[in-house]
């Protein structure tokens, strides 16, 4: 679902409240973007800032349709929500190839109005037509009983902010990187300090530790020492072998 950018403040606040009231099977993201030149986008919105909601129901499509109306009542200018294969849904949010990318992310337990204002203001300065700023609803089953069986921390965070700057030239890529970093600085008063590693690039070892927490990281470092003491497998969000 997509709205003109001048509705960003209204939609962001309504989105927050609807997500907090929705069942766990409703998975959503609030997306600030430049409206693309697609046939389904009204001509007057193309090339201008827009705000969208990605809506997914993890369950029976009929149940998903039952929970969608509160979002639809916000009056989107574009509504593409329909029954589809999950893989097709995933492809809808693929990034264009051959661009300079800089991504990051933060966890948030709450998003008060002042935090949403940071999002809206930052979205007004998206670097280029491909960059986006996203907030995903979190928690649910991610924070359920299975959380105790995994090493990743902060699974009970309610939200994840995910800025990704995409540009076409090396110079533009540096502008996009600076925009992402400024957003993270501005939103930091509302962040938990944790991070979902799948949403970030190489941001240093401190961020890897923040994702796992000190206790889990140290335990995994001991495992790494036993099975991969030379750190052969390091092309990832790396857990280094514990010092002997």
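Please treat every number below as a calculation from the coordinates, not as lab data. Here the structure is a predicted model, which is why all the values come from computation and not from measurement. Neighbour counts run over all protein chains shown; Cβ positions are idealised from the backbone, glycine included.
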| query | By how many nm would the segment from residue 218 to residue 89 grow when fully extended, if each residue of separation counts as 0.36 nm and the alpha-carbon distance is taken off? | reply | 42.7 nm
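At a 10 Å Cβ-Cβ cut-off, how would you order 239, 53, fewest neighbours first? All intermediate terms of the calculation are to be shown ahead of the outcome.
Values: 239 26, 53 23.
So the residues, fewest neighbours to most, are 53, 239.
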| message | As I understand it, the value is the acute angle between the Cα axis of helix 170-187 and the longest principal axis of the Cα atoms of the chain; what does it come to in degrees, rounded to 10? | response | 90 degrees
| remark: Both in Å, the radius of gyration and Dmax of the C-alpha trace of the stretch 1-138 are 14.7, 40
| query | How far is it, in nm, from the label point at residue 169 to the one at residue 43 when both lie 7 Å from their Cα along the line to the Cβ? | reply | 3.1 nm
| request: Arrange the peptides 58-69, 80-91 so that the one whose residues have, on average, the most other Cβ atoms within 10 Å appears first. | output: 58-69, 80-91
| query | What distance in nm separates the simple spin-label points at residue 24 and residue 188, each placed 7 Å from Cα in the Cβ direction? | reply | 3.4 nm
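Looking only at Cα atoms, what is the convex hull volume of the stretch 124-219 per residue, in Å³? If you can, show how the numbers build up before the last one.
Numbers: hull volume 10.5 nm³, N = 96.
With only Cα atoms used, the stretch 124-219 gives 110 Å³ per residue.
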| Angle between the Cα long axis of helix 8-21 and the longest principal axis of the chain, 0 to 90 degrees, nearest 10? | 60 degrees
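Please give the direction-averaged projected area of the C-alpha convex hull for the chain, in square nanometres with one decimal.
Working: hull surface 58.6 nm².
Quarter of the Cα hull surface area: 14.6 nm².
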| query | For the chain, what does -39500 (n - 2.57) per DSSP helix run (n ≥ 4), summed and divided by total residues, give at 222 nm, in deg cm²/dmol to the nearest 500? | reply | -10000 deg cm²/dmol
| field | Between helix 214-227 and the chain: long-axis angle, C-alpha atoms, 0 to 90°, nearest 10 | value | 60 degrees
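Need the full-extension length gain, residue 13 to residue 198, defined as separation in residues times 0.36 nm minus the C-alpha distance. One decimal, nm.
Details: separation 185, 0.36 × 185 = 66.60 nm, distance 2.64 nm.
Roughly 64.0 nm would be gained on extension.
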